[in-house]
Amino acid sequence: LMEELKEPKLYFSLLESLGSSQKGVTELAVSLGVERSRLPYYTKNLMELQYIERNAPLLTYQNPFERKAAYKIKDPLLRFWFTFVYPHANAMERMDPRLFYSTLVAPHLEAYWGHGFESLAQELFVTQKLLPKLAEPFKMGSYWDKNIQVDFTVAVKSGLSYLGEAKWNRIDVSTATSFLRKLEYFRNKMAYRA
């Protein structure tokens with residue numbers, strides 16, 4: 001950060017604030033103590049370096065819900081460091097490594113791997129299943145609102161959307177039932193394939 005950017009402390013604070021979860025513009029601005037209108041300058045620079053990415057709930061090709069956009073750390077190594085290493089640096093120096101791992105890393109590792117698995121599943125779905133059949137532009141993302149969250153969506157220009165869930169753990173009956181309920185939520189909103 002010191003080599004690439006001016007105000008490295010602010011950029012570091014932005015990455016620290018994102019940690020292992022995505023945050024909206026207002027939440028980030030408050031945590032950094034900067035005006036909301038100044039935040040795009042900093043996020044744009046970090047996106048150009050491919051350290052973070054901007055996500056907006058995507059349901060259709062034409063209209064992502066831009067005002068609900070959120071940022072998250074894109075780089076897996078940075079995400080690991082800001083999730084497990086930096087917040088626990090003092091404990092890491094003072095604790096037995098096995099105890100450190102079992103108490104501060106292992107309980108959160110499944111969620112960390114799950115996040116990466118969602119991105120991988122979306123990429124594999126598009127390249128292996130969708131691209132060979134698709135001859136039109138598309139956009140990839142995820143969808144969330146106050147009622148529901150879908151791991152990944154692929155919206156094609158013709159109007160059809162694909163909805164997908166990616167689970168790092170085994171899928172049981174309740175998980176499958178939960179996804180079917182999500183499909184019901186979208187039944188009258190859009191044309192989709194699951």
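Being open to solvent by less than 80 Å² (accessible area, probe 1.4 Å), free of Cβ contacts under 8 Å to residues at least 12 places away in the same chain and on the phi < 0 side of the Ramachandran plot is a description that applies to Ala29.
Here is a yes/no grid of residues against (1) more than 24 Å from Thr153 (Cα to Cα); (2) in contact with a Lys or Arg (Cβ under 6 Å, 6 or more places away or on another chain); (3) aromatic (Phe, Trp, Tyr); (4) assigned to a helix (DSSP H, G or I):
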{"position": "Thr60", "(1), (2), (3), (4)": "no, no, no, no"}
{"position": "Tyr71", "(1), (2), (3), (4)": "no, yes, yes, no"}
{"position": "Leu99", "(1), (2), (3), (4)": "yes, no, no, yes"}
{"position": "Ala106", "(1), (2), (3), (4)": "yes, no, no, yes"}
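The selection criterion, being in contact with a strand residue (DSSP E or B) (Cβ under 7 Å, 6 or more places away or on another chain), open to solvent by less than 80 Å² (accessible area, probe 1.4 Å) and either farther than 20 Å from Met140 by Cβ or in a helix (DSSP H, G or I) (or both), does not hold for Glu53. Within the stretch 138-183, restricting attention to residues that are exposed (fewer than 13 other Cβ atoms within 10 Å of the Cβ) and under 16 Å from the mean Cα position of the chain (by Cα), the residue that is farthest from Ala111 (Cα to Cα) is Asp145.
Filtered by the rule that a residue be under 22 Å from the mean Cα position of the chain (by Cα) and hydroxyl-bearing (Ser, Thr, Tyr), the stretch 1-46 gives Tyr11, Ser13, Ser17, Ser20, Ser21, Thr26, Ser31, Tyr41, Tyr42, Thr43. Residue-level analysis places Phe125 outside the set of residues that are in contact with a helix residue (DSSP H, G or I) (Cβ under 9 Å, 6 or more places away or on another chain) and surrounded by 13 or more Cβ atoms within 10 Å (Cβ to Cβ).
Taken together, Met190, Met140 contain a single residue that is at pLDDT below 80, touching a Leu at 6+ places or on another chain (Cβ under 9 Å) and either part of a helix (DSSP H, G or I) or aliphatic (A, V, I, L, M) (or both), which is Met190.
The values are calculated or read from the model by the stated rules, or taken from the named source; none is laboratory data. Being a predicted model, the structure only gives us computed values, none of them experimental. For neighbour counting, all protein chains shown are included, and Cβ atoms are generated from backbone atoms with ideal geometry for every residue, glycine included. Calculation scope for accessible area: heavy atoms of the full protein, side chains included, ligands and nucleic acids excluded. Shrake-Rupley method; radii C 1.70, N 1.55, O 1.52, S 1.80 Å.
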